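Following: one structure in structure tokens, then a few remarks.
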Amino acid sequence: MSIMTSPPPAAAGAAWQAAAGKSLLRLGALGAPGRLSILIYHRVLTSQDPLFPDEVDAQRFDQQLTLLKQGFNVIPLARAVQGLREGTLPPRAACITFDDGYADNAEVALPILQRHGLSATFFVATGFLDGGRMWNDTVIELLRRAPGPLLDLDALGYGRHPLGSDAERAAAIHALLGKLKYLAPAPRQAEVDRLHAHLGLVLPDQLMMRSEQVRQLHRAGMEIGAHTVLHPILASTADDAARHEMASGKAALEAIIAAPVRHFAYPNGKPGRDYLARHAQLARELGFEAAVSTAWGAAGSGSDLFQLPRFTPWDRDPLRFQLRLLRNLYRRGDVV
């Protein structure tokens, strides 16, 4: 005969979940010694965005760091790269990284990282510092503010999009981003400017970090990494322009923090689609010590230090987050 019990109180349930998570992650990681998991974040919002409910907010980031600490040894990327090179990577090693350079990285994510005693690497695209705005954020913020219930962009060649709900606005955003993403930087920006002029809306200009916030992160013991100047798709960029983007972004950050910038993140980061083998070689030539992609998987002995895999922990459910960490741990990232 089975005995039915009532659900535990919230506090007890949280404690059970934490203990279960600790056991799950540690036991699952035991079978993958010498492996490095690198997490990618972009933004940490103060509260949930109704258009993008899967975007990480402060509460979820705090929860994920708690789970990560229970199952992994979270170390700085520089130490992880050294461990991969020398064969001294600690068991269950993990790193935290951020891409692009959003202001909430300093305003929201940094205090949470400090509360947990963790460090992270922030890959910053320097062309958007101090009041700039990335092209995709211009599209997002335009469609967030555009009057509904229908957005008519036939005159620009982008069709008509219903905006009667948050889901419809999100779908319209993804449709436009998909059309613009792989254009070269100059024509892409020209198209975004046409869209902005057509809608005539006032947009926020404080989404990205100020130079002082980059210095704040550096002073707090966080690592600053390079992410080009204008975030181009390197595979679609002429070689001399790609070199300029990578070298100038590095130099600008080194001037801001008065320290070497040793690591690089490929914009978009898909091997063979967003960057090519020559860009990994270029990263070596420019004096970087390692570079990271967005190919899912974990690094290990023999991994190319200039194509280290990373993954995005987008799950809202804590158990699914942990399972995704473990699944990723046993996968090797694609390379070119």
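The values are calculated or read from the model by the stated rules, or taken from the named source; none is laboratory data. Please read these numbers as outputs of a predicted model, since none were measured by experiment. So basically every Cβ, Gly included, is an ideal-geometry build from the backbone, and we count neighbours across all protein chains shown.
Scan region 187-216 for residues that are surrounded by 14 or more Cβ atoms within 10 Å (Cβ to Cβ) and among the acidic types (Asp, Glu) and jot them down.
Passing the criteria: only GLU191.
Is at least one residue of region 283-294 surrounded by fewer than 22 Cβ atoms within 10 Å (Cβ to Cβ) and either part of a helix (DSSP H, G or I) or modelled with pLDDT under 95 (or both)?
Within region 283-294, one or more residues are surrounded by fewer than 22 Cβ atoms within 10 Å (Cβ to Cβ) and either part of a helix (DSSP H, G or I) or modelled with pLDDT under 95 (or both).
ALA184: assigned by TED's automatic domain parsing to the domain that holds ARG144, touching a residue at least 40 places away in the same chain (Cβ under 8 Å) and either touching a Pro at 6+ places or on another chain (Cβ under 7 Å) or exposed (fewer than 15 other Cβ atoms within 10 Å of the Cβ) (or both), yes or no?
Values: assigned by TED's automatic domain parsing to the domain that holds ARG144: yes; touching a residue at least 40 places away in the same chain (Cβ under 8 Å): yes; either touching a Pro at 6+ places or on another chain (Cβ under 7 Å) or exposed (fewer than 15 other Cβ atoms within 10 Å of the Cβ) (or both): yes.
When the stated conditions are applied, ALA184 passes them.
Please go through region 35-55 and pick out each residue that is within 27 Å of HIS263 (Cβ to Cβ) and either assigned to a loop (DSSP other than H, G, I, E, B) or not assigned by TED's automatic domain parsing to the domain that holds ASP317 (or both).
ARG35, HIS42, ARG43, VAL44, ASP54, GLU55
With the checklist (1) more than 15 Å from LEU282 (Cα to Cα); (2) touching a strand residue (DSSP E or B) at 6+ places or on another chain (Cβ under 6 Å); (3) buried (at least 20 other Cβ atoms within 10 Å of the Cβ) in hand, flag the one item LEU234 doesn't pass.
(1)
Quick one: would you say ALA175 is free of Cβ contacts under 8 Å to residues at least 24 places away in the same chain and not assigned by TED's automatic domain parsing to the domain that holds GLN114?
Yes, satisfied.
Return the total of residues in region 229-265 being under 19 Å from ARG188 (Cβ atoms), assigned to a loop (DSSP other than H, G, I, E, B) and either touching a residue at least 60 places away in the same chain (Cβ under 8 Å) or not assigned by TED's automatic domain parsing to the domain that holds ALA78 (or both).
Residues that pass the stated criteria total 3.
Which of the residues that make up region 126-160 are within 18 Å of GLN189 (Cβ to Cβ) and basic (Lys, Arg)?
ARG133
Out of GLY333, GLY302, GLY269, GLY297, report the one residue that is part of a loop (DSSP other than H, G, I, E, B), within 19 Å of the chain's Cα centre (by Cα) and either modelled with pLDDT under 95 or of a type in the set (Lys, Arg) (or both).
Matching residue, one of GLY333, GLY302, GLY269, GLY297: GLY333.
Yes or no: region 178-195 includes at least one residue that is acidic (Asp, Glu) and within 18 Å of the chain's Cα centre (by Cα).
Within region 178-195, not a single residue is acidic (Asp, Glu) and within 18 Å of the chain's Cα centre (by Cα).
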